[in-house]
Amino acid sequence: MKNIRPLALALIKNQNNEYFFHQAFDSLKNETFYRPLGGGIEFGELGADALEREFLEEINSKIKVGSLLKVFENIFTYEGKEGHEVILLFESNFLKGENYNQEFDIIENGKVLGKAVWKSLAQIKEEDSKLYPLGICLLYTSPSPR
């Protein structure tokens with residue numbers, strides 16, 4: 001049986017009008033893509049708590065989670081496997097200012113899964129890369145949530 005995975009993701013923006021994204025690659029589609037950083041919500045855990053936990057686990061950084069901005073439903077295929085997610089996107093900020101100027105290795109269970117990078121929407125478009133979940137770019141192009 002396939003399951004729907006609940007996720008909490010963070011909308012974090014720096015002074016250069018860049019956003020904090022997980023950069024990933026699907027080898028079967030030969031596609032580089034980006035999505036806001038975050039992760040799975042565990043049973044009995046609030047989305048905001050999951051987001052704080054995921055940032056500590058994956059990049060060893062603390063964030064302040066703000067308001068819930070949007071809920072997305074994402075049905076996709078990654079590396080040939082079908083997935084279905086319900087995503088809670090939260091406005092968020094790093095607690096340390098220097099985090100707005102650096103990239104991070106994303107580490108899970110002692111393994112590097114990818115990179116967390118700062119990218120503008122224009123840079124992603126110039127690379128001919130994708131931004132997921134689909135439709136999220138509309139939120140990024142609307143006025144800042146702050």
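Please identify the pairs in which a residue from region 1-16 that is farther than 13 Å from Asn101 by Cβ and outside any loop (DSSP other than H, G, I, E, B) has its Cβ atom under 9 Å from the Cβ atom of a residue that is polar (S, T, N, Q) and open to solvent by less than 10 Å² (accessible area, probe 1.4 Å), counting only partners at least 6 apart or on another chain.
Leu9/Ser92; Ala10/Ser92; Leu11/Ser92
Residues are listed down the side, and each one gets a yes or a no for (1) of a type outside the set (Phe, Trp, Tyr); (2) at pLDDT 95 or above:
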site	(1), (2)
His84	yes, yes
Leu95	yes, yes
Asn109	yes, no
Val112	yes, no
Ala116	yes, yes
Lys119	yes, yes
Ala122	yes, no
Cys137	yes, no
Tyr140	no, no
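Show me the strands (runs of 3 or more DSSP E) entirely contained within region 39-146 in which 1 or more residues are surrounded by fewer than 17 Cβ atoms within 10 Å (Cβ to Cβ), free of Cβ contacts under 8 Å to residues at least 12 places away in the same chain and over 15 Å from the mean Cα position of the chain (by Cα). Show your work before the answer.
Numbers: elements: 63-78, 81-94, 104-108, 111-119.
In region 39-146, 63-78, 81-94, 111-119 are the strands (runs of 3 or more DSSP E) which contain 1 or more residues that are surrounded by fewer than 17 Cβ atoms within 10 Å (Cβ to Cβ), free of Cβ contacts under 8 Å to residues at least 12 places away in the same chain and over 15 Å from the mean Cα position of the chain (by Cα).
Can you say whether Thr32 is open to solvent by 30 Å² or more (accessible area, probe 1.4 Å), touching a Phe, Trp or Tyr at 6+ places or on another chain (Cβ under 6 Å) and in a strand (DSSP E or B), as far as the supplied structure shows? Spell out the reasoning first.
Numbers: open to solvent by 30 Å² or more (accessible area, probe 1.4 Å): yes; touching a Phe, Trp or Tyr at 6+ places or on another chain (Cβ under 6 Å): yes; in a strand (DSSP E or B): yes.
Judged against the criteria, Thr32 is a match.
Can you say whether Ile107 is among the β-branched types (Val, Ile, Thr) and over 17 Å from Phe21 (Cβ atoms), as far as the supplied structure shows?
no
Kindly check whether there is at least one residue in region 125-138 that is more than 20 Å from Leu28 (Cα to Cα) and of a type in the set (Lys, Arg). Before you say what the answer is, go through the steps one by one.
Keep residues of region 125-138 that are more than 20 Å from Leu28 (Cα to Cα), which gives 125-126, 135-138.
Still in the list and also of a type in the set (Lys, Arg): 125.
Yes: one or more hits.
The values are calculated or read from the model by the stated rules, or taken from the named source; none is laboratory data. As the structure is a prediction and not an experimental result, all values here were calculated from the model. Please note: Cβ atoms are built from the backbone with ideal geometry, for glycine as well, and neighbour counts cover all protein chains shown. Remember, those area values only see protein heavy atoms, side chains included, never the ligands or the DNA or RNA. Shrake-Rupley method; radii C 1.70, N 1.55, O 1.52, S 1.80 Å.
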